[in-house]
Amino acid sequence: MIKKENNVKNDFKLVLASASPRREEILLQLNLKFTIVPSNIDEEEFTNSDPVKLVKILAEEKAKSVFNLVEDAIIIAADTVVVHNDKILGKPANEEEARKMLKKLSSDQHQVITGVAVLNSNSGKAHVDYNITDIKMTDLTEQEIINYVETREPLDKAGSYAIQGLGGLFVEEIKGSYYSVMGLPIHQLAKLLDKFNYGIL
């Protein structure tokens, strides 16, 4: 029997379909109680020349991937890409690729696009949104790039930097959502949860 969605917060638990420490940190900052059930999709199987469509598809597919693993849950999933000169920059394969990415981003603008999906595990109903944030990077010296890559912080980050870490030293200007750059735009998340009558406050 599918529960009515008019009292979701009392009856449903939150599930984060991600192993990302950044997304976990954001939900903790919002004082939300949740369970982590990492998604198991192969992101390499999904391709789309439109980065907005890509992050929306991936966010929803991540949520759907844990659909059968939980009950009475509101599932949250997200996906983030970095776009520079209309080209999607994923996570670097190695240190050399990280250095090349950072050199491209140096003294230039790029976009961080994050898709977020919220799905009801009982009804299967999902709502998806996205956020686009513009970033201006400072002029990076060759030595700064080398030193940063040696910290290994960039190696598992889209675009090869973490705004909430040492990479924040290189962000000269941001227009949009800081939390979206971290990986989970809380403004869009709140609106999506509201659609299921799950208010954060």
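Since every read-out is calculated from the coordinates, none of them should be taken as a lab result. What you see is a predicted model; the values in this text were computed from it and never measured. Backbone-built Cβ (ideal geometry, glycine too); neighbour counts: all protein chains shown.
Quick notes on this structure:
- Most mobile of K13, K104, K33 in a GNM of the chain (Cα contacts under 10 Å): K33
- The residues packed around L189, meaning those with a beta-carbon under 12 Å from its beta-carbon, carry a net charge of +1 if Lys and Arg are +1 and Asp and Glu are -1.
- By the Cα gyration tensor, segment 67-148 has an equivalent ellipsoid whose semi-axes, rounded to whole angstrom, run 36, 14, 9 from largest to smallest.
- Once C-alpha pairs closer than 8 Å and six or more residues apart are averaged by separation and normalised to the residue number of the chain, the relative contact order reads 23 percent.
- Residues within the reach of a label modelled at D72 (point 7 angstrom out along Cα to beta-carbon, backbone nitrogen below 20 Å), restricted to segment 106-128, are 119-125.
- Once the chain from D86 to E150 is taken as fully extended at 0.36 nm per residue, the excess over their C-alpha distance is 20.3 nm.
- Among the listed pairs K53/K87; K64/K87; K33/K175; K62/K157; K64/K104, those beyond 25 Å (Cα-Cα): K64/K87; K33/K175; K64/K104
- Under a Gaussian network description of the chain, with springs only between Cα atoms under 10 Å, the residue in L69, L27, L119 that fluctuates furthest is L69.
- Dimensionless Rg over Rh [the chain; C-alpha; Kirkwood]: 1.00
- Distance between segment 137-169 and segment 53-132 - C-alpha centres, whole angstrom: 20
- Considering helices alone, the calculated mean residue ellipticity of the chain at 222 nm is -8500 deg cm²/dmol, with DSSP H runs of length four and up weighted by -39500 (n - 2.57) and normalised per residue.
- The calculated FRET efficiency for the pair D139 and E96, based on their C-beta separation and a Förster distance of 22 Å, comes to about 0.55.
- Comparing G115, G176, G159 in a Gaussian network model of the chain, where Cα atoms under 10 Å apart are tied by springs, the biggest mean-square fluctuation is seen for G176.
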